[in-house]
Amino acid sequence: MKAFLILFLLFIHCANAAEIPWYQQQVENAVVSQEMLAVSAKLVREYKDSDIQEKFAIPVFHKQAGELETSPQSFCRTCHTPLPHQKALRTRTFNNMHVRFIACETCHIDNANANLTYRWFDMEKQQAMTPSPDFLRIGREIDNEIQRQVNPKIAPLLNHERLFSVKDDIFAKKIAAQWKVSNETEKVALHAKIHAPLNWQKIDKTHQGTPCQDCHNDKKSILDLSELGATSKQVQAISTHIIPRYLAHYKNDQQRMTIREMLH
Ligand code: HEC
Ligand code: HEC
Ligand code: HEC
């Protein structure tokens, strides 16, 4: 009887362990340093200001461009706007364009783990999808006026399970509710925990999000484009695309470039 009970408990434990996404585990176990808290304190203060601005200044441009929502099921959307990239002037438009078909966590969580793969993921049904060239727009002569679907997205899986949280998770709802009632000090602590598993919190700060060249690269892309259903033509077009290749010439944010330099 005792042995049975132990087995039963073990079974429950394993079943749960498989269901809790890696990201949630990381947040729950996060050890937050003073350095991280200092970064969070600064960011949370900035947020209050931009929050107020946003209510008054929804750009007309984006209304005309069609549906504004880019990531309805994303946990990150609890607090971040549908076009969350503003600060980096040179890359923000491109990053914002990618949020329609790439999950935040694909670019904001490091791919160091060997068991991590990127797959088309149905965010509504919560399941990985059979790859298809039809999920990609490139090389298909689609009218640019036609806005792309926000589902499915290229998202990170760990051991075939989603590693990220979604808005419908109990965990996500709990954080959303907690954020709402928190005072500034509590927000700072919560902020540090939520962002601890992400790239930007790394103290060495190599990069905040995946740079263009990590995907648009004919030698070592983090995405296995064929596994995502891309035809060899599409693989070629994505890995050698002229825009990310051009942006790779910039060494820092301040640099200015002449046309002559671009051609080299
Ligand atoms: C509970 C609210 C909340 C959630 C959930 C949340 N964030 Fe944030 N995040 C903030 C706030 C507030 C800031 C600081 C203000 C800002 O930069 O927008 C911030 C800052 C950031 C920054 C750094 C900004 C900078 O300028 O250095 C990144 C990157 C980021 N968040 C990504 C994410 C991603 C990816 C997710 C989902 C995994 C996420 N956040 C989930 C509230 C949240
Ligand atoms: C295609 C990759 C990519 C995707 C997808 C992506 N990001 Fe980012 N993100 C970046 C990069 C790279 C940066 C750092 C700025 C830069 O170098 O362009 C960044 C910076 C940020 C910042 C810092 C603030 C700012 O104004 O730049 C926030 C906040 C952020 N991302 C949130 C999100 C959220 C929320 C999502 C999902 C809705 C998301 N990102 C999806 C690549 C991405
Ligand atoms: C996480 C991987 C990833 C990152 C990071 C990334 N891209 Fe992409 N990008 C893709 C994929 C995949 C496509 C193909 C989308 C399609 O065809 O539907 C693409 C498409 C594009 C396109 C072609 C759009 C079109 O319709 O012709 C441009 C331009 C582009 N990316 C520029 C950039 C730039 C600039 C950056 C950095 C700021 C960047 N990408 C970062 C994966 C990425």
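Just so it is clear, none of the values below were taken in a lab; they were calculated from the coordinates. Keep in mind that what you see is a predicted model, and the values were worked out from it rather than measured. When we count neighbours, we look across all protein chains shown, and the Cβ atoms used for this are built from the backbone with ideal geometry, even at glycine.
Using 0.36 nm per residue of separation minus the Cα-Cα distance, give me the extension gain between TRP179 and GLU19 in nm, one decimal.
Details: separation 160, 0.36 × 160 = 57.60 nm, distance 2.39 nm.
Net length gain for the segment: 55.2 nm.
Estimated from the Cβ-Cβ distance and a Förster radius of 45 angstrom, the FRET efficiency linking ASN252 and ARG140 is about 0.80. By the count of other C-beta atoms within 10 Å, a proxy for reagent exposure, ILE242, ILE109 are ordered fewest to most as ILE242, ILE109. Placing a label point 7 Å from the Cα of GLU35 along the Cα-to-Cβ line, the residues of segment 159-193 whose backbone N sits under 20 Å from it are 188-193.
Each peptide in 124-133, 251-260 receives the mean, over its residues, of other Cβ atoms within 10 Å, and ordering these scores from highest gives 124-133, 251-260.
Other residues whose C-beta falls under 14 angstrom from the C-beta of LEU37 contribute a net charge of +1, scoring Lys and Arg +1 and Asp and Glu -1.
Stretching GLU161 away from GLU28 to a fully extended chain increases their span by 46.0 nm, per 0.36 nm per residue minus the current alpha-carbon distance.
Once the piece of chain linking ALA3 and SER226 is laid out straight, how much longer is it, given 0.36 nm per residue of separation minus the C-alpha distance between them? Numbers along the way, then the final one.
Numbers: separation 223, 0.36 × 223 = 80.28 nm, distance 4.77 nm.
Value of the extension gain: 75.5 nm.
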